[in-house]
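Visitor: Dropping a structure here in structure tokens format, bear with me for questions.
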Amino acid sequence: IIKACIFDLDGVIVDTAKYHYLAWNRLANELGFEFSIEHNERLKGVSRMTSLDILLEVGGLTYSNAEKVVMAARKNEWYLEYIYKMTPDEILPGVISFLTMLREKGIKISLGSASKNAMLILERVQLQSFFDAVIDGNKALKAKPDPQVFLLAAQELNENPTNCVVFEDAAAGIEAALAAGMKCIGIGSPEILGRADKVVPGFENANIELIKF
Ligand code: BG6
Ligand code: MG
């Protein structure tokens, strides 16, 4: 029986992938290439530094660690320009009513995100009050598909992993949830998220039935 829900942030609660893409492509352009949108799927769910490694691989470029740290910081500054402008209007359809329903049923709620900007985004869209725990990229040091982020969420909620369900839009996140021994629901397309226990396009019309297995 499900007692806790753990939500990925980017692509599940808000669509920040478009902002990540704009900032990464700006970096790519500065380095002399175009990071086409088709490659963007590979950046979903993975850490900032891994995203940079994928970008540089696409561009066929190699840099030292010190240079990469500088590049990632610049990308993040550009990304934050978009994040600061976010408003609650950007919460994906159905999310607020689904979270409200979970609260009413006494189901615990955590965030489980790779992003170091997660707290800032939750504040911008005014959703912090829904979360009993927030595990982000500052707390979880091992990147998805490692299960650490979700296991820390279960620990903070004081729940057994088998009583938790994870909501994820990225293949790496689905693998992390499965490795944590949790149920998992893919948000997006079955072609990409086929390993999830269920896949739905989003939270519109979602009710308690969604978390019954
Ligand atoms: C994940 C995104 O949620 O967070 C990834 O899906 C991103 O694309 C990662 O790279 C890290 O985010 P941030 O905000 O710490 O750069
Ligand atoms: Mg995501």
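Rule-based calculations on the coordinates, nothing more; no lab input. For clarity, every value in this text was computed on a predicted model and none was experimentally measured. Note: ideal-geometry Cβ built from the backbone for every residue, glycine included; neighbour counts use all protein chains shown.
Visitor: Quick one: net charge around L9, please, counting Lys, Arg +1 and Asp, Glu -1 for every other residue with C-beta under 10 Å from its C-beta. Each step should come with its number before you reach the end.
Guide: On the way: positive: none; negative: D8, D10, D136, D169.
So the surrounding residues net to -4.
Visitor: Of the options N160, A172, V134, report the single residue whose Cα projects farthest towards the positive end of the charge dipole of the range 128-172 (beta-carbon charges: Lys, Arg +1; Asp, Glu -1).
Guide: Projecting each Cα onto the dipole axis, the largest value belongs to A172.
Visitor: Quick check for me: using +1 on Lys/Arg Cβ and -1 on Asp/Glu Cβ, what's the dipole size of the chain about its Cα centre, in debye to the nearest 20?
Guide: My answer is approximately 420 debye.
Visitor: Among the lysines, which have Cα under 28 Å from the Cα of K108 when same-chain residues fewer than 8 positions away are ignored?
Guide: K3, K44, K116, K139, K142, K144, K183, K198, K212
Visitor: Here's something else I'd like to know. Based on the alpha-carbon gyration tensor of the range 78-213 and its eigenvalue square roots a ≥ b ≥ c, which shape applies: rounded if a/c is under 1.5, prolate if not and a/b is larger than b/c, or oblate?
Guide: Numbers: a/c = 1.30, a/b = 1.15, b/c = 1.13.
Judged from the Cα gyration tensor, the range 78-213 comes out rounded (a/c under 1.5).
Visitor: State whether the range 52-136 is rounded, prolate or oblate according to the following rule on the C-alpha gyration tensor (a ≥ b ≥ c being the square roots of its eigenvalues): a/c under 1.5 gives rounded; otherwise a/b larger than b/c gives prolate, and the remaining case gives oblate.
Guide: Judged from the Cα gyration tensor, the range 52-136 comes out prolate (a/c at least 1.5, a/b above b/c).
Visitor: While we're on this one: Tell me, what is the percent relative contact order of the chain, built from C-alpha pairs under 8 Å that lie six or more residues apart?
Guide: This gives 26 percent for the chain.
Visitor: To the nearest 500 deg cm²/dmol, what mean residue ellipticity at 222 nm is calculated for the chain from DSSP H runs of n ≥ 4 alone, each contributing -39,500 (n - 2.57), summed and divided by the residues?
Guide: When only DSSP H runs of four or more count, the value is -12500 deg cm²/dmol.
Visitor: Please find the FRET efficiency linking F213 to K105, where r is the Cβ-Cβ separation and R0 is fixed at 22 Å, and quote it to the nearest 0.05.
Guide: Once rounded, the FRET efficiency stands at 0.90.
Visitor: Positive end of the charge dipole of the chain (Lys, Arg +1 and Asp, Glu -1 on Cβ, about the Cα centre): tell me which of V200, Y82, M101 has its Cα farthest that way.
Guide: Going by the Cα projections, it comes out as M101.
Visitor: Give me the net charge of M101's neighbourhood, meaning all other residues with Cβ under 14 Å from the Cβ of M101; Lys, Arg count +1, Asp, Glu -1.
Guide: My count for the surroundings of M101 gives +1.
Visitor: Using label points projected 7 Å from each Cα along Cα→Cβ, tell me how many nm separate S97 and E204, to one decimal.
Guide: That separation, rounded to one decimal, is 1.1 nm.
Visitor: For every other residue with a beta carbon closer than 10 angstrom to the beta carbon of S115, add +1 if it is Lys or Arg and -1 if Asp or Glu, then tell me the sum.
Guide: Residues close to S115 contribute a combined charge of -1.
Visitor: For the chain, what is the percent of antiparallel DSSP beta bridges, rounded to the nearest 5?
Guide: Bridges in the chain that DSSP calls antiparallel: roughly 5 percent.
Visitor: So how much slack lies between D197 and N76, counting 0.36 nm per residue of separation and subtracting their Cα-Cα distance, in nm?
Guide: In short, 40.2 nm is gained.
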